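Participant: Please find one structure pasted underneath; my questions will follow.
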Amino acid sequence: MPKTAIQASGLVKWFGEGEAKTMALREVSLEAQFGEMVYVVGPSGSGKTTLLSVLTGILKPNGGKVLLEGTDIWGLNPDQLADFRLGKIGFVFQDYHLFPRLTTAENAAIPLILKRKPWDEAIQEAEKYLDVVGLKSRAELPPVKLSGGEQQRVAIARAMASQPDILIMDEPTASLDGDTGVAILTFVQENVLNKDRCIVVVTHDDRIYKFATRILNMEDGRLRGSEKSTA
Amino acid sequence: MTGILKLAYKLLVNDKAKFSALLVGITFAVYLMMFVTSMFSGVMMHASANIINIGAPLWVMDPAVETVSNSVGMPGYVLDAVRSMQGVKYAVPLYSGGALVKLRDGNYQTVTVIGLDDTSLYGRPELIEGKIQDIYAENGFIVVNDAEFSKLENPHIGSEFELNDNRGVIVGIARVPTSGLYGLPTLYTTYERAIQYIPNPRYTISYVLVEPKSTDEIPRIKQQVEALGYRARTKEEFMKNTEDFFLYKTGGGTNLLIMMLISFTVGLSLSGQTFYTFILENLERFGALKAIGEKSRDLVAMILFQATFTALTGFGLGIGLCLLLIIFAKLRLPSYAAMVTFGNLAISFGMVVVIAAVSSYFAVRRVLRIEPFDIFRG
């Protein structure tokens, strides 16, 4: 019986007030299990990013509940929530958000540094994750010297460095060409996904749908049912 | 250094262009501030040269006197009255005035003449050549070997000159802690000879120098002098009066203030703007750090560390640059009027603290406002 990583129910989120009020999430509920790679797909403005933000404790919903590994994250105070994110959630951002003035290893070590690991120890550990993503030889280079695919792999190494139970990938292939995007997701499926980790991917890119264990369609703030990957 | 601060340090110094611009801004501001305040301190020290060199703890003078170089003659009874005051251990007259010396080459040189009390020679300078008792010899003068010494054709013991048609002979060469402000050589002689050689108005005592029985007696002596219609100032008060005169009555203070404002503005605009741009450029990444799980207070600590590190480095460089230039200038021009004091350092440090505080205030405000949600939205 798979364990539940994410359990969200009745999520409501709106922006603005009065006539300017825009509903971003309308009674959204979802569950994701460890060992799953869940895709949230849908057109721009459908509420995917808002859902991702609400699920990860970044954006407070106007209604509903989010349980991550059984913890009601919106019942935590801001410091506890930050610690929870740091300890349990890994992020891979669409634009990578790597620091151009740091080396690749230093970028990958950031979650460990934020966890107060000694600098040298954090760098050494981050180099192990760079090795996993095949970039150990590039550890001393700044990210600007790497290709888009390599930068994305550094972002994955950074996310993996905190050994998160839940990995969030926001449009991971948006800045990559088709082959690189597929290569990245192949890598994630083979090396990052495991029975103790749940991966949530927000994407438009139907070329990578085949890697999903489940695909959730989002439209106009609602989850319109789900389907299994066609892969 | 903790990991987070090392991260802040690397983000800052690895951006070499911005870090250099920040340092240039703060260094230049500190340099300007230090330089202008050091110049002022130096000028003030030279302006108070006679007060420092004579060294008397209490000076009695006409109430109209504003600086030591502009004395107003007092009648002889003032000296007698002060000597009879309660709390006074002893009191002596001092003459301070200017005269023209005719040099052997026929040129004239203005000099400052200090006439010391004939009995005690109170306030006499330290001799490096000659004997102090020779000041009583016929036409005896002691010359101060300072930056202006050469203006008297580098005299030696036995050198003769003409002072207001009187013969003068150098009987000693002295050194003093501070040379005067106006670039004039200084001659010491006895009070009686000074008033005999130099044409004077009716009253000839420039100052009465007082040695109180104890420092506790100073307020009482001051009251008694006040009752007599004159004013007694301690050495420190007299120096402060001189400084106030230059600050408030010569335009020096306004110029000083303008220069201080310019240095502050230069520092704030260059460094503040660069630091803010640096933060703006990294804003999304700071947002990403927030999303990953960095607490706001850690972000604030990073920014404050960056601002403090830059400010202190710039402060050190600015002070160093200023000291180097002052040392170089003093090697070339011994009488160069610049002096670094703890007050100058404190003013410059205060300016740097304000620049760092203002810069980091806006940066912190901006970083605290960034929402990790904006990072997802792109």
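The values are calculated or read from the model by the stated rules, or taken from the named source; none is laboratory data. Everything quoted here is computed from the prediction, not taken from an experiment. Heads up, the Cβs are rebuilt from the backbone with ideal geometry, glycines too, and the neighbour counts pull from every protein chain shown.
Participant: Which of the residues that make up segment A:42-51 are part of a loop (DSSP other than H, G, I, E, B) and facing another protein chain (nearest Cβ under 7 Å)?
Facilitator: Here is the first cut: in segment A:42-51, the ones part of a loop (DSSP other than H, G, I, E, B) are A:42-47.
Answer for segment A:42-51, where residues must be part of a loop (DSSP other than H, G, I, E, B) and facing another protein chain (nearest Cβ under 7 Å): there is none.
Participant: Now for a different question. Which residue, of B:ARG175, B:ARG193, is surrounded by 18 or more Cβ atoms within 10 Å (Cβ to Cβ) and in the same structural domain as B:GLU129 (by TED's automatic domain parsing)? Full working, then the answer.
Facilitator: Numbers: B:ARG175 fails: surrounded by 18 or more Cβ atoms within 10 Å (Cβ to Cβ).
Result: B:ARG193 is the single residue among B:ARG175, B:ARG193 that is surrounded by 18 or more Cβ atoms within 10 Å (Cβ to Cβ) and in the same structural domain as B:GLU129 (by TED's automatic domain parsing).
Participant: For segment B:81-132: of the residues being among the hydroxyl-bearing types (Ser, Thr, Tyr), buried (at least 16 other Cβ atoms within 10 Å of the Cβ) and part of a strand (DSSP E or B), which is modelled with the highest pLDDT?
Facilitator: In this case the residue turns out to be B:TYR95.
Participant: Right, something else. Determine, yes or no, whether B:VAL72 is on the phi < 0 side of the Ramachandran plot, in contact with a Pro (Cβ under 6 Å, 6 or more places away or on another chain), more than 14 Å from chain A (Cβ to nearest Cβ) and not in a helix (DSSP H, G or I). Full working, then the answer.
Facilitator: Working: on the phi < 0 side of the Ramachandran plot: yes; in contact with a Pro (Cβ under 6 Å, 6 or more places away or on another chain): no; more than 14 Å from chain A (Cβ to nearest Cβ): yes; not in a helix (DSSP H, G or I): yes.
Spelling it out, it is not the case that B:VAL72 is on the phi < 0 side of the Ramachandran plot, in contact with a Pro (Cβ under 6 Å, 6 or more places away or on another chain), more than 14 Å from chain A (Cβ to nearest Cβ) and not in a helix (DSSP H, G or I).
Participant: Kindly check whether there is at least one residue in segment A:75-91 that is surrounded by 21 or more Cβ atoms within 10 Å (Cβ to Cβ), more than 7 Å from chain B (Cβ to nearest Cβ) and under 15 Å from the mean Cα position of the chain (by Cα).
Facilitator: So far as segment A:75-91 goes, yes, one or more of its residues are surrounded by 21 or more Cβ atoms within 10 Å (Cβ to Cβ), more than 7 Å from chain B (Cβ to nearest Cβ) and under 15 Å from the mean Cα position of the chain (by Cα).
Participant: Which condition breaks for A:ALA32 when tested against (1) buried (at least 23 other Cβ atoms within 10 Å of the Cβ); (2) away from chain B (no Cβ under 14 Å); (3) small (Gly, Ala, Ser); (4) free of Cβ contacts under 8 Å to residues at least 40 places away in the same chain?
Facilitator: Here A:ALA32 meets the rest and fails (4).
Participant: Which is of a type outside the set (A, V, I, L, M, F, W, C) and over 14 Å from the mean Cα position of the chain (by Cα), of A:GLU171, A:GLU150?
Facilitator: On the way: A:GLU171 fails: over 14 Å from the mean Cα position of the chain (by Cα).
Step by step, each of A:GLU171, A:GLU150 is checked, and only A:GLU150 is of a type outside the set (A, V, I, L, M, F, W, C) and over 14 Å from the mean Cα position of the chain (by Cα).
Participant: Out of all the residues in segment B:270-301, which are basic (Lys, Arg) and modelled with pLDDT of 85 or more? Walk me through how you get there before you give the answer.
Facilitator: Here is the first cut: in segment B:270-301, the residues basic (Lys, Arg) are B:285, B:290, B:295, B:297.
The answer is B:LYS290, B:LYS295, B:ARG297.
Participant: If a residue has to be among the small types (Gly, Ala, Ser) and either over 27 Å from A:TYR96 (Cβ atoms) or more than 7 Å from every other protein chain (Cβ to nearest Cβ) (or both) to count, how many in segment B:280-311 make the cut? Talk me through it step by step, then tell me what you get.
Facilitator: Within segment B:280-311, the first condition is being among the small types (Gly, Ala, Ser), and the residues that meet it are B:287-288, B:291, B:293, B:296, B:301, B:307, B:311.
Add one more test, that the residue is either over 27 Å from A:TYR96 (Cβ atoms) or more than 7 Å from every other protein chain (Cβ to nearest Cβ) (or both), and what stays is B:287, B:296, B:301, B:307, B:311.
Residues that pass the stated criteria total 5.
Participant: Among the residues in segment A:83-101, are any of a type in the set (Ser, Thr, Tyr) and closer than 25 Å to A:ASP206 by Cβ? Break it down into steps so the answer makes sense when it comes.
Facilitator: Step one: list which residues in segment A:83-101 are of a type in the set (Ser, Thr, Tyr), which gives A:96.
Of the ones still in play, those that are also closer than 25 Å to A:ASP206 by Cβ are A:96.
Within segment A:83-101, one or more residues are of a type in the set (Ser, Thr, Tyr) and closer than 25 Å to A:ASP206 by Cβ.
Participant: A further question on this structure: Take segment A:104-133 and flag every residue that is in contact (Cβ under 8 Å) with a residue 24 or more places away in the chain and closer than 21 Å to A:PRO172 by Cα.
Facilitator: Hits for segment A:104-133 are A:THR104, A:ALA105, A:ASN107, A:ALA108, A:ALA109, A:ILE110, A:PRO111, A:ALA126, A:TYR129, A:LEU130, A:VAL132, A:VAL133.
Participant: If you don't mind, there's one more thing I want to ask. Given the criterion under 24 Å from B:ASN14 (Cα atoms), surrounded by 23 or more Cβ atoms within 10 Å (Cβ to Cβ) and either touching a strand residue (DSSP E or B) at 6+ places or on another chain (Cβ under 8 Å) or away from every other protein chain (no Cβ under 14 Å) (or both), identify the matching residue among B:PHE275, B:PHE362. Quick ask: steps written out before the conclusion?
Facilitator: Values: B:PHE362 fails: surrounded by 23 or more Cβ atoms within 10 Å (Cβ to Cβ).
So the residue among B:PHE275, B:PHE362 that is under 24 Å from B:ASN14 (Cα atoms), surrounded by 23 or more Cβ atoms within 10 Å (Cβ to Cβ) and either touching a strand residue (DSSP E or B) at 6+ places or on another chain (Cβ under 8 Å) or away from every other protein chain (no Cβ under 14 Å) (or both) is B:PHE275.
Participant: Among A:VAL12, A:VAL28, A:VAL54, which is β-branched (Val, Ile, Thr) and under 18 Å from the mean Cα position of the chain (by Cα)? So that I can check it myself, show each step before the final result.
Facilitator: Values: A:VAL12 fails: under 18 Å from the mean Cα position of the chain (by Cα); A:VAL28 fails: under 18 Å from the mean Cα position of the chain (by Cα).
Result of the check over A:VAL12, A:VAL28, A:VAL54: A:VAL54.
Participant: Can I ask one more? Starting from residues that are among the charged types (D, E, K, R) and facing chain B (nearest Cβ under 8 Å), keep the ones in segment A:92-115 and report whichever is nearest to the chain's Cα centre (by Cα).
Facilitator: For segment A:92-115, the residue satisfying everything is A:ASP95.
Participant: In addition: When segment B:81-109 is examined, which residues are found to be over 17 Å from B:PRO212 (Cβ atoms) and out of contact with any helix residue (DSSP H, G or I) (no Cβ under 9 Å at 6 or more places or on another chain)?
Facilitator: Of everything in segment B:81-109, those that are over 17 Å from B:PRO212 (Cβ atoms) and out of contact with any helix residue (DSSP H, G or I) (no Cβ under 9 Å at 6 or more places or on another chain) turn out to be B:GLY98, B:LEU100, B:LYS102, B:ARG104, B:ASP105, B:GLY106, B:ASN107, B:TYR108.
Participant: Among the residues of segment A:7-23, are any free of Cβ contacts under 8 Å to residues at least 40 places away in the same chain, in a strand (DSSP E or B), among the aromatic types (Phe, Trp, Tyr) and touching a strand residue (DSSP E or B) at 6+ places or on another chain (Cβ under 9 Å)? Can you show your working first?
Facilitator: Going residue by residue through segment A:7-23, those that are free of Cβ contacts under 8 Å to residues at least 40 places away in the same chain are A:15-22.
Of the ones still in play, those that are also in a strand (DSSP E or B) are A:15, A:22.
Restricting the remaining residues to those that are among the aromatic types (Phe, Trp, Tyr) gives A:15.
Adding the requirement that they be touching a strand residue (DSSP E or B) at 6+ places or on another chain (Cβ under 9 Å) leaves A:15.
Checking segment A:7-23: at least one residue is free of Cβ contacts under 8 Å to residues at least 40 places away in the same chain, in a strand (DSSP E or B), among the aromatic types (Phe, Trp, Tyr) and touching a strand residue (DSSP E or B) at 6+ places or on another chain (Cβ under 9 Å).
Participant: Could you give every pair whose Cβ atoms fall below 6 Å, whose first residue belongs to segment A:213-224 and is more than 21 Å from A:VAL192 (Cα to Cα) and modelled with pLDDT of 90 or more, and whose second residue is small (Gly, Ala, Ser) and in a strand (DSSP E or B), counting only separations of at least 6 or pairs across chains?
Facilitator: Hits for this filter: A:GLY221/A:ALA24.
Participant: Looking only at segment B:133-160, count how many residues are acidic (Asp, Glu), crowded, with 16+ Cβ neighbours inside 10 Å and over 19 Å from B:ASN107 (Cβ atoms).
Facilitator: Summing the residues that are acidic (Asp, Glu), crowded, with 16+ Cβ neighbours inside 10 Å and over 19 Å from B:ASN107 (Cβ atoms) in segment B:133-160 gives 2.
Participant: Which condition from (1) within 11 Å of chain B (Cβ to nearest Cβ); (2) touching a strand residue (DSSP E or B) at 6+ places or on another chain (Cβ under 7 Å) is the one that A:GLU27 breaks?
Facilitator: (1)
Participant: Also, quick follow-up: Please name all residue pairs, on different chains or six or more residues apart, with Cβ atoms under 9 Å, provided the first residue is in segment B:1-14 and is more than 7 Å from chain A (Cβ to nearest Cβ) and the second residue is hydroxyl-bearing (Ser, Thr, Tyr) and buried (at least 16 other Cβ atoms within 10 Å of the Cβ).
Facilitator: B:LEU12/B:THR310
Participant: Only residues that are of a type in the set (Phe, Trp, Tyr) and farther than 19 Å from B:ASN50 by Cβ: list them for segment B:94-149, please. Reasoning before the result, please.
Facilitator: Kept after step one, since they are of a type in the set (Phe, Trp, Tyr), are these residues of segment B:94-149: B:95, B:108, B:122, B:136, B:141, B:149.
Once the filter is applied, which keeps residues that are of a type in the set (Phe, Trp, Tyr) and farther than 19 Å from B:ASN50 by Cβ, segment B:94-149 yields B:TYR108, B:TYR136.
Participant: A follow-up question, please. Suppose the filter is crowded, with 23+ Cβ neighbours inside 10 Å, at pLDDT 90 or above and not small (Gly, Ala, Ser); does A:ILE199 pass it?
Facilitator: Numbers: crowded, with 23+ Cβ neighbours inside 10 Å: yes; at pLDDT 90 or above: yes; not small (Gly, Ala, Ser): yes.
Against the criterion (crowded, with 23+ Cβ neighbours inside 10 Å, at pLDDT 90 or above and not small (Gly, Ala, Ser)), A:ILE199 qualifies.
Participant: Within segment A:116-124, does at least one residue satisfy the condition of being buried (at least 22 other Cβ atoms within 10 Å of the Cβ), of a type in the set (A, V, I, L, M, F, W, C) and within 20 Å of the chain's Cα centre (by Cα)?
Facilitator: Restricting attention to segment A:116-124, the residues satisfying the condition of being buried (at least 22 other Cβ atoms within 10 Å of the Cβ) are A:122.
Keeping just the survivors that are of a type in the set (A, V, I, L, M, F, W, C) gives A:122.
Then keep just the ones that are within 20 Å of the chain's Cα centre (by Cα); that gives none.
No: segment A:116-124 contains no residue that is buried (at least 22 other Cβ atoms within 10 Å of the Cβ), of a type in the set (A, V, I, L, M, F, W, C) and within 20 Å of the chain's Cα centre (by Cα).
Participant: Which residue is surrounded by the most Cβ atoms within 10 Å (Cβ to Cβ), if the candidates are limited to segment B:292-310 and must be more than 17 Å from B:ARG369 (Cβ to Cβ) and polar (S, T, N, Q)?
Facilitator: In this case the residue turns out to be B:THR310.
Participant: Please go through segment B:15-34 and pick out each residue that is within 11 Å of chain A (Cβ to nearest Cβ), touching a residue at least 12 places away in the same chain (Cβ under 8 Å) and either not aromatic (Phe, Trp, Tyr) or not in a helix (DSSP H, G or I) (or both).
Facilitator: Applying the first criterion (within 11 Å of chain A (Cβ to nearest Cβ)) to segment B:15-34 yields B:15-19.
In the following step, the residues that additionally are touching a residue at least 12 places away in the same chain (Cβ under 8 Å) were identified as B:15, B:18-19.
Of everything in segment B:15-34, those that are within 11 Å of chain A (Cβ to nearest Cβ), touching a residue at least 12 places away in the same chain (Cβ under 8 Å) and either not aromatic (Phe, Trp, Tyr) or not in a helix (DSSP H, G or I) (or both) turn out to be B:ASP15, B:LYS18.
Participant: From the list B:GLY267, B:GLY314, exactly one residue is more than 14 Å from B:ARG366 (Cβ to Cβ), modelled with pLDDT of 90 or more and either crowded, with 18+ Cβ neighbours inside 10 Å or away from every other protein chain (no Cβ under 14 Å) (or both). Which is it?
Facilitator: Numbers: B:GLY267 fails: modelled with pLDDT of 90 or more.
The match here is B:GLY314.
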